[in-house]
Structures are given as structure tokens and as C-alpha cells.
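Please read the structure below before turning to the comments.
The values are calculated or read from the model by the stated rules, or taken from the named source; none is laboratory data. Predicted, not measured: the structure shown is a model, and the values here were computed from it. In this analysis, Cβ positions are derived from the backbone assuming ideal geometry, glycine residues included, and neighbour counts consider all displayed protein chains.
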Amino acid sequence: MKYLLLLTSALLFAPAAADTLPELGDSSSSTLSPQQERRLGEQIMREIRADKQYLDDPEVTDYINSLGYKLVANSANNGQSFEFFVVNDPSINAFALPGGFIGVHTGLIVSSQTESELAAVLAHEIGHVTQKHIARLFQQQEKSGYASLAAIALAILAARSSPDLASAAVAGAQYASVQTTLNFSRDNEREADRAGVQTLERSGFDPRAMPAFLDRLQRAYRIYETSAPAYVRTHPLTTERIADVQNRVEGLPYKQVPDSLEFQLVRARLEVMQYPPRDAVERFEDILKEKKTVSEIPARYGLTMALLEAKDMPRATREAELLLKAAPDSSMVAVLVANVRMAAGDRKGAFELYAEAIKRFPRWRALIYDYTRALLLTKRPREALQITSNASQFLHSDRRLYQLQAQAYAALGQKLQECRAQAEAFVIMGNLSAAINQLQMGLRSGDGDYYQLSSAEARLRELRALEAESKRSSQR
């Protein structure tokens, strides 16, 4: 995926000279308020979520957010909200957006040799956010910055299928602003590295993973020396930057940090997605046969998932039960084994596992989704509604959860509540017009009691006001 090349290169690959961390909450916030920064990030995220390379996989997304939040909790965070997401792209990359949105390429996750290496890149990107680098950029660009950076980011998004077109889009969106971005970013990399090392150590990861990963990243991107656009070639990864990070970690005590099982399972999951099912089966069979891994659990997870994709249910069932015995305390394993049981026609066994797992892992989204779908499939909408209602207490902005609720209400014949749930899903997707239409349909259906009707009418007024404000803002 080629979009956001400007932001990625400016905030990840540039060397820097500053060595002192600035005070958080400095005057930069007077140029770009947290609310403006978040709105800009959400604007870009709507485009990213609509892209086919946006990876809408709850298992992978929950893992990367769990890892990210652990790092955020140990960072110099001043109340900034964060959201981590994954892009299905084999390149080794990650990027920070305005508003605390941090993207991670699947290539980065698969190529990370340890979980500490993956954490190192996330910690670096978190450092860019907590050090207010994007806000400070806007302070330098003053009033023109907000419009120009938004134009550049969205232009590259529009040209994501063509690198040449993306370059033209950047050139057409104020080259001077691009150059300012690169010059400014030179003073940020060392700050983000320093903040990242601190965050890694506080979070219990190996800080030596950062220079190790940067060294490998430099080797992977040597091709850029001749083929990259000028604004990338002016600030490559350098040996000086790697040496600087190495110097920072040398005095720290050595620690051997084992990878979490979730990290290993997510890598196996992404590898299965990269191959046709039969090729994935052969790959993981070979890993198990040749004993190419310390633990068999990730390879058996990959093999089970590949067999399920290949619809080889007898073998998938056997491998699934072996996997469950080997890793009975894993939420990811529980979801996969329950899926296999459902696909193999063992609904009783699947529901037993779902019911047990939801008690142990009540916040695991993939489990919530799959359990709800299984209940809807077997004509048990009231139980499905109970699962989604419980989950909505902590999943407040989950599009898929509202869509499942809408299906449950539809099965129960509750048209107003169906439309209300679907409207909330549209709100999360940024489609206020569709949300308003849903509420209007629900109110015309003649369904619902007094309190449900009053609540829906109040929400309709609120959304109309939001839509009007959005239209006024777009005309400014």
C-alpha cells in the first residue's frame, strides 16, 4: 500500500539532531487543538477503512491494540487517545497519523523476529504522538499547514494504487509543504527513539530490540538509495541513528523477554492469509514435520486454520482437538477450535466451548462475533442479543457489534431497534446520512414503545445537528 508515504517517511525514516525531550503540552497545541488533530485523523481513517488493504480481522486487531495499549500505559502519555490498526501489506512499515492513529503493516508483524522488535516500532510511533511532533509541524506551517497536510494525505490515499500518480499528487499538493515536513522531521527521530526506548524498558520488553530492528530495516530498504523519490532519499535510515540508539541501550541491564503466545499465533494467522489454503497446509505440515520451531502450538494453529480454509474437516477436527489440549488457556485457540466444530457439524461441542470461553474471555471481540453469529445461525436471537448487549458495555464504538445487534433485532421482528442499531453502525462508519435514513425508517415502522420512540427521536435530532455542523465545516 503506497498511501501515506509522505507521513510514513517523514515520521519513521528520517534522522534527527535534537536530544532533549520537549515539555508535553507545549505551545504547539495552540495551533492544532487535540480536537482538530483527532478530526483530521478520523477523516484519513475513513479513507483507510474503505481501502481493500485495510485488515478488518478482529484477532489481529485486538492483539495489536493490546500490545499498543500496554506500551501507551508506560509511555509519556498526557491523555492522548490511541487506536492501532493493521494494513495488509507485505512491506516492513508502520506510521503515525494525527489523532493518535497508528498503522502497522502485516509485513512488519511477520518479519519481526521477536515481540520486542514489534513493540520497538510501536513504541517509536507512540513517541511521535506523545512528543507532539505532528502538532509541532502544524505550528511551523501555521494556518496553511492544516489544509496542506490534509490535502497531501488524502491525495496520496486517492492515488494508493499507483506510486507514480501518488508522486504527482504530492507535487500538486504544495511541494514546499512537503519539504517543510521533511526538514521538521529531522528534529524528531531521535526524540521518538529516546521516548521509545524508555517505553520499551518500562513495559518489560527488550530495549535492545530497537537497534537490532533498525539495522535490519536499513538493509531491507537499501534499494531506496537509487529508486526512491527525492523526499525519501534525503532522509534514509543512517548508521548514525542506529549507533545513537545502540548507545542508549548499552547501559541498560540485559533481559531475555519471551514472546507471548498471542504474538506467535498472530504471526501464524497472517502467514496463512498470505498463501492459498493448500499451500499453507503444506507449509505448516513441513514446519511440524521438520520441527522448525521451538513450540509446536503456533504451527499447529496455522495448520488447523489452513485445513479449515481448505475445507478438509476430518483433518481440521483432529488438529483442532490436539491444539486445544496443547493451549487450553488461549482465547485465539478457543475461537478457532469452536469454528472448526461448527464447520464440522458439531454444534453441541461448539456451543459448549463458546459458553465456556465467553466467561473467561468476555472482551475478546472475535469470540463475541463468532458466538453471536453461531447463535443467529441456529435461530437463537435472544441469546445473541444478550451477548451483544453485554459486550456493548465496553465496546462503545464497534461497528460490527451494532450490525450483529441489528440482525438479532430483525430476527425478533423489532424493526425500530433494528434500525436504531444499524444507524449506530453507520455513525461509526462516518455515514451520517445513512444513519439518519435508518432512524427515519425505524420511526415510520410503527414499532417500539414510548421510551424507545422517544430515544430514537432524540438521537435523530442529534444526528441531524451533527450533519448540519459537518456541512458547515466543509464549506469553511
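Would you call PHE82 more than 27 Å from TYR275 (Cβ to Cβ) and not polar (S, T, N, Q)? Taking the combined requirement at face value, the residue satisfies it. Within the stretch 79-97, being farther than 16 Å from HIS128 by Cβ and in a loop (DSSP other than H, G, I, E, B) holds for GLY79, ASN88, ASP89, PRO90, SER91, ILE92. Selection of first residues in the stretch 205-217 that are closer than 18 Å to LYS70 by Cβ and of second residues that are modelled with pLDDT under 90 and assigned to a loop (DSSP other than H, G, I, E, B), restricted to Cβ pairs under 6 Å at least 6 apart or on distinct chains, gives the following pairs, ordered by first then second residue: ASP206/LYS255; PRO207/LEU252. The set of residues in the stretch 379-433 being out of contact with any helix residue (DSSP H, G or I) (no Cβ under 8 Å at 6 or more places or on another chain) and either under 30 Å from LYS471 (Cα atoms) or of a type in the set (Ser, Thr, Tyr) (or both) consists of HIS396, ASN431. Among the conditions (1) assigned to a helix (DSSP H, G or I); (2) within 23 Å of the chain's Cα centre (by Cα); (3) touching a residue at least 40 places away in the same chain (Cβ under 8 Å), the only one that LEU416 does not satisfy is (2). The residues on offer are LEU323, LEU375, and the sole one that is farther than 18 Å from LEU401 by Cα, buried (at least 19 other Cβ atoms within 10 Å of the Cβ) and touching a helix residue (DSSP H, G or I) at 6+ places or on another chain (Cβ under 8 Å) is LEU323. When GLY79, GLY103, GLY99 are checked against the criterion of being over 19 Å from ARG194 (Cα atoms) and without any contact (Cβ under 8 Å) to a residue 12 or more places away in the chain, a single residue qualifies: GLY79.
Among the residues of the stretch 341-365, those identified as part of a loop (DSSP other than H, G, I, E, B) and over 24 Å from GLU309 (Cα atoms) are PHE361, PRO362, ARG363. Among residues of the stretch 380-395 that are surrounded by fewer than 14 Cβ atoms within 10 Å (Cβ to Cβ), those with a beta-carbon under 8 Å from a residue that is part of a helix (DSSP H, G or I) at least six positions away or on a different chain give the pairs ARG382/ALA408; SER389/GLN405.
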